[in-house]
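In what follows, a structure is listed as structure tokens, so that the remarks can point back to it.
Values quoted throughout were computed directly from the atomic coordinates according to the rules given, and no laboratory measurement underlies them. Computed from a prediction, not measured in an experiment: that's the story for all the values here. Counting neighbours? That spans all protein chains shown, and the Cβs are built from the backbone with ideal geometry, glycine included.
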Amino acid sequence: MQEQRGTKANYWDRFSNTYDEKVDRLVGKDLRRGLAHMLENEPDPGSVLELGCGTGYFTRAIAKKAKHVTATDLSGNMVEAAKRNLKDLNNVDFKVENSESTSFPPETFDTVLMANMLHTLDDPLKALKECNRVLKKGGTLLIMNYTDEEMGKVDRTLMLFRFAIMFGFPPKKNWPMTAERLRSLLKGAGFRIERMNLLRGGKINTFYIRAKKE
């Protein structure tokens, strides 16, 4: 397991300086801005744990209304990039963490955010159960996840080709995350879905999900 974590961390470490540029080209700037705007309008997120913060793009959005954000990533290089990008914020701290097994005590956070990372995990259900563990009773889970759901065959092929050119292939992944799979995973981890939207962004589609700890 330690070797797997190292392999995945090393994979993402390589892109810490170019990640935002590559993702903007892959999915489109307008889609990312729209998702950030939705996060900015989440009501009273309170104390937030972000799993898979990357370079901090969505961290900045959720931090606008959050009391405090703990931004984490498996990649140490990504965490350092997020620190640099968000050095103007005083309500965010940073840690290297494995989303499938974090160091936080039970019932610590009001909200957990997972932005476009669930499909990259070895065990998505384990990570979602970890979210449940660290959330307070009635806490909120926010998930944004790119998907090829309801995309045509040509668009799916082009999207996979663009990803391969820019990022290569991750060590292991659970792509694609379909609506049916997400519902099953969330139910299995003890969450009740309040909102589940499929946003069509042109180059790729995205699920935006708000769920509550049962």
Three-way shape call for the range 25-96 based on the alpha-carbon gyration tensor, with the a/c threshold at 1.5: oblate
If you find the alpha carbon centre of the range 119-172 and of the range 61-107, how far apart are they in angstrom? 19 Å
For the chain, what proportion of DSSP beta bridges, expressed in % and rounded to the nearest 5, is antiparallel? 45 percent
Relative contact order as a percentage, the range 1-69, C-alpha pairs under 8 Å and 6+ apart, gives 31 percent
Straight-line reach from Lys67: which lysines have Cα under 30 Å away, leaving out those fewer than 8 places along the same chain? Lys29, Lys83, Lys87, Lys95, Lys126, Lys129, Lys136, Lys137, Lys187, Lys212, Lys213
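222 nm [θ] for the chain, helices only, -39500 (n - 2.57) per DSSP H run of 4+, per residue, to 500? The partial results should precede the final answer.
Values: 8 runs with 86 residues, N = 214.
When only DSSP H runs of four or more count, the value is -12000 deg cm²/dmol.
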Just the number, please: Stokes-Einstein D of the range 2-213 in µm²/s, Kirkwood Rh from C-alpha pairs, 25 °C, 0.890 mPa s. 143 µm²/s
Fewest-first ordering of Cys53, Cys131 by Cβ atoms within 10 Å yields Cys131, Cys53
How long are the semi-axes of the equivalent ellipsoid of the range 60-124, taking √(5λ) for every eigenvalue λ of the Cα gyration tensor, in whole Å from largest down? 19, 15, 11
The chain: DSSP helices with Cα axial extent of at least 15 Å and average Kyte-Doolittle hydropathy no lower than -1.0: 29-40, 124-134, 153-167
Any idea what the relative contact order of the range 62-135 is, in percent, if you count C-alpha pairs under 8 Å spaced at least 6 apart? 30 percent
Please compute the contact order of the chain in relative form: average sequence separation of alpha-carbon pairs under 8 Å and at least six residues apart, divided by the residue count, as a percent. 20 percent
